[in-house]
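Shown next, in structure tokens, is the structure this report addresses.
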Amino acid sequence: MVEDRSWNASSDYDMIVSTVESHFLVKDHYLRERGSIEFRVNPTPDLKQSFTEVAKKLKSRGFITLLRKIDSDIILMVGKFAHVTRFSRKKPLLLFLIVIGVVLIDGWWRSTEFISRFELNFDPVFLMLVYTLAIMGIIGVHELGHMIASATHSVRSSLPYFIPGLPGYLPTFGALITAGEPPFNRDALFDLGLSGPISGLIITLIVTIPGSMTSILLPSPEANQMMDVEGIFMISPSLLMLTFFELTGMVQEGMTIVLSPLGFAAWLGFIITFLNILPAWQLDGGHIVRAVLGREKHKVATYVSILVLFLLGYWLMALLVLFLSMGRVEMSPLDDVTSISKGRKYIFIVVIILTILLAPLPF
């Protein structure tokens, strides 16, 4: 979405001015050379609500509205949408089917390996299907949370683009949703960021219960002799995941946890949630921090997140975030003047604690 320089605002000038003046006390306004209209308005106690109502009304007429603070002035700008982003439905569906196929292959490998290695009386087909349901459920509900938040705040977005991985390693690298327009205010930006990780985490915690119950314990010396089998041991678990495993008696001194396919699905869910909730650039946590702390502190949080990823050994992810954050445009709300609600500030404290609990431990 960019401003259409060829648009002549004079044709809708009266309508725009009337709409703005019905919600704001306008000091003065200007018709800019590029066709946008700039208003200098007085701040009001209900500034957030007034702007949202104006922005929604003008959006229905094909206009984009911004609220910014320049020096001590509150500036409201109205411009014409140059184009409306159209999202493909075929590509997300194709990627969804590809990821299901990759996860099924990965699930079959993990299920047969786990059953034969420990001579368990499990049905490999059933275990494969449940594993696939768990992985797709964690990621799918994560993205569904974003879609519900987008619909709630009237933000057009694409269908989820699932990212296939490598069977036997990581079957999927998650999914992403593209927003077709900025959210109205910081409250909406906060909700868009938080909705995905929280939704996915709920499913992850549910999967953790059968994941823990179907995993097994081995004496550590015996487990050390089996390290050639990748993907079945609990590697760098989070404190939150260990807590759930401890509740089922799976954390014992001198014993090593061997993850069942469902246990691995839970581990992957915790990792995906942790990576997404980091306060970096366009990650979900980045949107949360941008909404609460603003642009400059968001940049600092991005570099801190990159450092944390390097220290934890996720250097590929760290390099990816560093590359994507260089010179890229962040998601800014249309109203970047009013602050986030008090309730969301309290939730932000919970998010910080949750990020610590989700961080992979260095063992």
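The values are calculated or read from the model by the stated rules, or taken from the named source; none is laboratory data. Being a predicted model, the structure only gives us computed values, none of them experimental. A quick note on method: Cβ atoms are made from the backbone with ideal geometry, for glycine too, and the neighbour counts reach across all protein chains shown.
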Next on the checklist: Quick test of your reading of the structure: Leu217 fulfils all but one of (1) surrounded by fewer than 19 Cβ atoms within 10 Å (Cβ to Cβ); (2) in a helix (DSSP H, G or I). Name the failing condition by number.
Outcome noted: (2)
Checklist entry - Any idea which of Pro183, Pro164, Pro171, Pro160 is in contact with a His (Cβ under 6 Å, 6 or more places away or on another chain) and touching a residue at least 40 places away in the same chain (Cβ under 8 Å)? => result Pro183
Item to check | For Ile105: the one exception among (1) under 30 Å from Arg40 (Cβ atoms); (2) of a type outside the set (S, T, N, Q); (3) at pLDDT 95 or above | outcome: (1)
Next on the checklist: Looking only at helices (runs of 4 or more DSSP H) that lie completely in segment 255-363, which have at least 1 residues being in the same structural domain as Pro183 (by TED's automatic domain parsing) and in contact with a strand residue (DSSP E or B) (Cβ under 6 Å, 6 or more places away or on another chain)?
Outcome noted: 261-277
Checklist outcome for this item: Note on segment 56-94: residues in a loop (DSSP other than H, G, I, E, B) and aromatic (Phe, Trp, Tyr) are Phe87
Item to check | Residues of segment 314-348 satisfying the condition of being exposed (fewer than 12 other Cβ atoms within 10 Å of the Cβ), under 18 Å from Val292 (Cα atoms) and of a type in the set (D, E, K, R) | outcome: Lys342
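Table: residues versus (1) outside any strand (DSSP E or B); (2) more than 30 Å from Asp336 (Cβ to Cβ); (3) small (Gly, Ala, Ser).
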position	(1), (2), (3)
Glu113	yes, yes, no
Leu127	yes, yes, no
Gly145	yes, no, yes
Pro164	no, yes, no
Asp191	yes, no, no
Checklist outcome for this item: For segment 127-173, the count of residues that are under 22 Å from Ser116 (Cβ atoms) and either of a type in the set (S, T, N, Q) or in contact with a strand residue (DSSP E or B) (Cβ under 8 Å, 6 or more places away or on another chain) (or both) equals 3
